[in-house]
1. Quick one: in segment 311-330, of everything that is charged (D, E, K, R) and more than 17 Å from GLN361 (Cα to Cα), which residue is surrounded by the fewest Cβ atoms within 10 Å (Cβ to Cβ)?
2. Condition (residue is more than 30 Å from SER121 (Cβ to Cβ), in the same structural domain as ASN374 (by TED's automatic domain parsing), buried (at least 20 other Cβ atoms within 10 Å of the Cβ) and in contact with a helix residue (DSSP H, G or I) (Cβ under 6 Å, 6 or more places away or on another chain)) applied to segment 283-301: is it met by at least one residue?
3. What are the residues in segment 133-154 that are out of contact with any Ser or Thr (no Cβ under 8 Å at 6 or more places or on another chain) and either of a type in the set (D, E, K, R) or within 15 Å of PHE187 (Cα to Cα) (or both), if any?
4. Answer with yes or no whether SER327 is in contact with a Lys or Arg (Cβ under 6 Å, 6 or more places away or on another chain), part of a strand (DSSP E or B) and touching a residue at least 40 places away in the same chain (Cβ under 8 Å).
5. Mind checking whether some residue in segment 341-348 is assigned to a loop (DSSP other than H, G, I, E, B), under 30 Å from ASP300 (Cα atoms) and touching a strand residue (DSSP E or B) at 6+ places or on another chain (Cβ under 7 Å)?
6. So, in segment 157-194, of the ones that are more than 20 Å from the chain's Cα centre (by Cα) and assigned to a strand (DSSP E or B), which residue ends up surrounded by the fewest Cβ atoms within 10 Å (Cβ to Cβ)?
7. Could we say that GLY349 is modelled with pLDDT of 95 or more and closer than 20 Å to ASN227 by Cβ here?
8. Out of the residues in segment 131-156 that are farther than 30 Å from ASN116 by Cβ and buried (at least 18 other Cβ atoms within 10 Å of the Cβ), which is nearest to the chain's Cα centre (by Cα)?
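The values are calculated or read from the model by the stated rules, or taken from the named source; none is laboratory data. Computed from a predicted model, the values in this text were never measured in an experiment. Cβ coordinates were reconstructed from backbone atoms using ideal geometry, including for glycine residues, and neighbour counts include every protein chain displayed.
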Amino acid sequence: MRILPHTLCVFSPVMLLMVLPPVVAQEILPTPASPEACLSINSDAQRLACYDRAIGYQPLPTNNADAAAQDAQKALQEEIAANRPKDATLGERIQTRRQVSEIFRQDKTLYDAITNVGKGSLLDSRWELANDSKLGPFQLRAYKPVYILPAFWSSAPNLRPYSPNPDNTVTTPQILDNTEVKFQLSFKTKIAENLFGNNGDLWAGYTQSSRWQAYNNDDSRPFRETNYEPELMLMFRSSYHLGGWKGRMTGISLNHQSNGRSDPYSRSWNRLILNIGLDREHWALLLRPWHRLHENRKDDNNPDIEDYVGRGDALLIFNPKNGHEVSMIMRHSLRSGHRSHGSAQVDWGFPINNLLRGHLQVFHGYGESLIDYNHKATHVGVGISMLEWF
């Protein structure tokens with residue numbers, strides 16, 4: 001089932017620069033010459049970010065917020081224990097906890113300490129997890145990397161895409177170059193925050209990636225494949241330790257991905273995704289197992305997509321705060337034998353000068369794009385990064 005119309009706009013690299021969300025465009029600008037340069041910015045979130053860059057603001061270490069939250073949580077538990085009778089029933093215990101929690105809510109110092117756990121961490125910087133990090137709804141924020149790769153090479157172009165559904169098998173080989181242009185646009189915005197007391201934010205995200213046969217004179221330089229990916233995400237702040245990692249975020253998302261094309265090139269699927277986010281100094285780890293929401297078998301463009309694109313992925317990001325960033329995302333079908341397939345992708349963002357950042361991408365395996373979900377190849381791309389993960 002395709003919920004995105006075939007007539008959705010396909011962005012060229014020039015158009016991509018023009019339609020970047022304001023917050024993304026702002027994040028890639030150089031440091032303003034003075035704080036006064038920020039006065040003309042209308043958006044509160046962008047103006048604050050501009051001031052932070054102008055004065056060189058650095059947030060307090062995340063360990064400070066974690067330690068304060070731990071102390072406040074300990075004090076809360078001690079107060080609950082002190083006010084609860086030894087032989088209290090379950091209902092009385094719940095009532096005692098509510099009464100003490102309400103007292104702590106009125107005590108702003110302790111309340112802020114508990115709700116600001118993880119403030120300043122990598123995941124907090126992108127998902128506004130801490131209470132004082134929240135910017136309110138409908139502020140466009142960065143999501144996945146935004147880049148243009150003018151040279152994107154494939155070891156084996158997929159000339160005849162196929163699927164177990166005969167309506168989605170191409171019979172005439174395409175004319176494709178090994179080298180094309182790839183670019184990606186991605187952003188998200190919060191729809192509502194603190195849906196469950198002082199936690200639980202609802203986000204809407206959108207990612208679009210295109211592969212353009214810009215050097216293919218023999219076939220009029222077509223856009224070979226564009227993938228559209230809207231999603232709804234309900235994210236919760238969490239606080240736990242796993243080895244040296246700190247669990248910051250847990251959530252669930254509803255994800256649709258399609259290429260907006262007609263048969264036999266049509267590909268699409270819907271997923272319910274569990275999101276688990278952990279981080280430590282300079283590192284972030286996101287684990288995403290998912291369940292495919294199956295559609296009518298007759299209309300299924302790619303019935304075996306889970307055996308190739310996978311049933312989950314793991315994203316590991318290293319950000320040493322020196323202008324470089326390296327990420328690796330791995331997917332697998334979580335099956336053995338002839339159903340065992342997957343992929344790995346490594347991205348490296350690096351500084352070129354004060355305004356430009358380079359981007360190198362290497363992919364190997366199945367499913368670099370939806371039309372290639374069951375096609376194995378190696379891809380190498382190099383270009384310009386406008387925004388990395390962090």
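1. So in segment 311-330, the residues charged (D, E, K, R) come out as 311, 313, 321, 325.
Next cut, more than 17 Å from GLN361 (Cα to Cα) only: 311, 313, 321.
On the way: ARG311: 17, ASP313: 20, LYS321: 9.
Across segment 311-330, the extreme among qualifying residues is LYS321.
2. Yes, segment 283-301 contains at least one residue that is more than 30 Å from SER121 (Cβ to Cβ), in the same structural domain as ASN374 (by TED's automatic domain parsing), buried (at least 20 other Cβ atoms within 10 Å of the Cβ) and in contact with a helix residue (DSSP H, G or I) (Cβ under 6 Å, 6 or more places away or on another chain).
3. LYS134
4. no
5. Yes - at least one qualifying residue is present in segment 341-348.
6. THR179
7. no
8. Among those that are farther than 30 Å from ASN116 by Cβ and buried (at least 18 other Cβ atoms within 10 Å of the Cβ), it is TYR147.
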